[in-house]
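The values are calculated or read from the model by the stated rules, or taken from the named source; none is laboratory data. None of these values were measured; they are calculated from a predicted model. Glycine also receives a Cβ, built like all others from the backbone with ideal geometry; neighbour counts cover every protein chain displayed.
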Amino acid sequence: MTIGKSSSWRRQGIFVLLLIVAGAWLTACGAESRPVPDVTGYRLDDAHNRLEDAGFEKFADDDAVSDRTPAWDANWVVVKQSPAAGDSAELGTTIQLSIAKPEDEGVRQDLPAGSPVAIELREQDKERAAEQRQEQAERIVQNKKDRAAVTEFVEQNDPMSRNSLNAIAELPSLADSIRAKGVVTISDSATLADIDASLRVYWETLEATPESVNECADRTQEAIRSFQQAADTLQTAEGAAAQSSLTRFSQIYQPAKNKYNSGLTCLYQDTGIDAPTLP
């Protein structure tokens, strides 16, 4: 009986020893340490994949700028990590990642120069600069085409523009004549009709102005409409309405003159032809 009990105790002792050895072995396995990979300057999704490939499956993402929550990891970049790259850490360690968006202020300057996102951003800058140079070159070519079209238009219609100028310039002297006579004669009415016809023709001509100077043409056309309105007021400048009509004429004519000169100066700009503006 003593021998049997001794043998049983030995077997139990060996079993306990094996359990201790196995536990130690398992503990050693669970505490395996590895160098933490460098993920600073990586897109957040790439950083997660890189850490997982190295055996680190726990990480905490913290917005370094404000209290935002990433909705799409690829839109974020790691700006700092803890433990630092190359430091040894147990595989169960939670890797702390400070993140931000590449467009956040100061982020680009903080990224390591050789990191993927820094390289990506530099390439984007190069592409953007190339696109801007291309766009500028295209604008220069288009501007030359536009200016050539405007110059051709002005050259073709300059005589008509000067006829319009002469018609408009006649309005103030005609108003003075009507004021002095106190009546609108048949000759005055005919002259006003001729002025209106000349202005109408030039207004219609400006409808074909090249698109690049539409604003200039619109300004000129607005002034022409005002001159036509001023001419209409002179038709009624007799009898009891004479004074109010003449006053109204002056109120319309001067602002229209300024707008007309502005529009034509704009239209004729860089054509090498002097704009026929009102004195």
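Give the stretch 215-249 a look and list any residue that's farther than 13 Å from ARG179 by Cα and β-branched (Val, Ile, Thr), or say none.
THR220, ILE224
Look at the stretch 49-104 and say how many of its residues are under 33 Å from the mean Cα position of the chain (by Cα), outside any strand (DSSP E or B) and under 24 Å from ARG34 (Cβ atoms).
1
Any residue that is farther than 30 Å from LEU44 by Cα, at pLDDT 95 or above and of a type in the set (Gly, Ala, Ser) - is there at least one of those in the stretch 121-134?
For the stretch 121-134, residues farther than 30 Å from LEU44 by Cα, at pLDDT 95 or above and of a type in the set (Gly, Ala, Ser): absent.
Which one is farthest from SER226 (Cα to Cα) among residues in the stretch 144-189 that are touching a helix residue (DSSP H, G or I) at 6+ places or on another chain (Cβ under 7 Å) and either exposed (fewer than 12 other Cβ atoms within 10 Å of the Cβ) or of a type in the set (Asp, Glu) (or both)?
Among those that are touching a helix residue (DSSP H, G or I) at 6+ places or on another chain (Cβ under 7 Å) and either exposed (fewer than 12 other Cβ atoms within 10 Å of the Cβ) or of a type in the set (Asp, Glu) (or both), it is ASP146.
May I ask you to list the residues in the stretch 224-267 that are among the hydrophobic types (A, V, I, L, M, F, W, C), more than 30 Å from THR151 (Cβ to Cβ) and surrounded by 15 or more Cβ atoms within 10 Å (Cβ to Cβ)?
Residues satisfying the conditions are ALA230, ALA231, LEU234, ALA237, ALA242, LEU246, PHE249, ILE252.
Kindly evaluate SER88 against the criterion of being surrounded by 15 or more Cβ atoms within 10 Å (Cβ to Cβ), among the polar types (S, T, N, Q) and at pLDDT 95 or above.
So SER88 does not fit the description; no.
Quick check on my filter: what residues within the stretch 220-269 are at pLDDT 95 or above and assigned to a loop (DSSP other than H, G, I, E, B)?
The answer is GLN269, and nothing else.
Kindly indicate the residue of the stretch 202-219 that is among the hydroxyl-bearing types (Ser, Thr, Tyr) and crowded, with 19+ Cβ neighbours inside 10 Å and also nearest to the chain's Cα centre (by Cα) among those meeting that condition.
For the stretch 202-219, the residue satisfying everything is THR209.
When the stretch 39-48 is examined, which residues are found to be outside any helix (DSSP H, G or I) and touching a Leu at 6+ places or on another chain (Cβ under 8 Å)?
VAL39, THR40, GLY41
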